[in-house]
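The values are calculated or read from the model by the stated rules, or taken from the named source; none is laboratory data. These figures come from a predicted structure and were not determined experimentally. Here the Cβ positions follow ideal geometry from the backbone for every residue, glycine too, while neighbour counts run over all protein chains shown. Please note that ligands, DNA and RNA were not included when accessible areas were found on the heavy atoms of the full protein model with its side chains. Shrake-Rupley method; radii C 1.70, N 1.55, O 1.52, S 1.80 Å.
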Amino acid sequence: MRGMLIILLVSGMAWGQAGDTPKPADGAAQAASRPQTSAASSTQPTPAASSATADASAATIPAGSKIPLLLKQAISTRNAREGDAVYAETAFPFVLNERVLVPAGTYVQGRIERVERAGHGSGRAEILMHFTTLVYPSGYTVMLPASVDKTPGSDDKDVKDAEGTIQQDKDTGQKVEDSAKNGAYGGAVGGIGGGVAGGLNGARLGAGAGAAAGIAYTLLKRGPDVKLDVGTSIEMEIQRPITVDATRIAVAKATP
């Protein structure tokens, strides 16, 4: 009898210990059942990688860069107005560090800022234009600040200041020559008319009046206008650094 009680007591203690053993929580069990994902298998780019990609595609056209252009429409101080559009095209690729940043044939748009016609007897015609936009063959558009640096396609014009004002060359010598010719012509005509009307004195007075009229006519004429024909060569200067996306610049392949 005593042996039976001992056996029942030992069995009850073992059962109690088994019931006190803690079970894993449901969340822990689910976490343990999930497969572990390696950090190396992640496909999401890190911020550092994205920044490196952006830096690789960005390129800068430095301030002071010179790019040759060809005008696509004629411009003259005779009829140009402030605010008129200017259209040109790059004549040669701009290359930096073995990368073409501005291909030949890229369109360049600008606007006329100021127009001054030559005065009567003095002053020279002037025109100021600025370039504002690059339009790549791919359609990629970049805003820019640029001005005229030189006009190698025009022998009788020069750029007078840092703004890029194009000015007609001096024509003083031509005015003096024209004055002399017109004065002589007016004097001859006046002398003949005066001689017919009043003899020797009339001829002298007529010659003097005719010469004065010829000189006055020449000096009162306007000086020549600034004229830039289609295809005129202009050198554009970039005023501030320009950042471009090199991946959006389409470069046409050279044909054999």
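Looking at segment 55-69, I want the residues that are at pLDDT below 95 and have a partner that is surrounded by 12 or more Cβ atoms within 10 Å (Cβ to Cβ) and of a type in the set (Asp, Glu) with Cβ atoms under 7 Å, at least 6 apart or on another chain. Which pairs are those?
Close Cβ pairs satisfying both conditions: 57/245; 58/245.
Condition check ((1) open to solvent by 20 Å² or more (accessible area, probe 1.4 Å); (2) at pLDDT below 95; (3) closer than 17 Å to residue 112 by Cβ) across all residues:
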{"position": "143", "(1), (2), (3)": "yes, no, no"}
{"position": "153", "(1), (2), (3)": "yes, yes, no"}
{"position": "161", "(1), (2), (3)": "yes, yes, yes"}
{"position": "165", "(1), (2), (3)": "no, yes, yes"}
{"position": "171", "(1), (2), (3)": "yes, yes, no"}
{"position": "174", "(1), (2), (3)": "yes, yes, no"}
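Within segment 103-133, track down each residue that is in a strand (DSSP E or B), touching a residue at least 60 places away in the same chain (Cβ under 8 Å) and open to solvent by less than 30 Å² (accessible area, probe 1.4 Å).
108, 126, 127, 131
Restricting attention to segment 84-102, and to residues there that are among the aromatic types (Phe, Trp, Tyr) and assigned to a strand (DSSP E or B), which single residue is least open to solvent (accessible area, probe 1.4 Å)?
Only one residue fits best here, namely 94.
Looking only at segment 66-83, filter to residues that are of a type in the set (Lys, Arg) and not in a strand (DSSP E or B); which one of those is nearest to residue 241 (Cα to Cα)?
72
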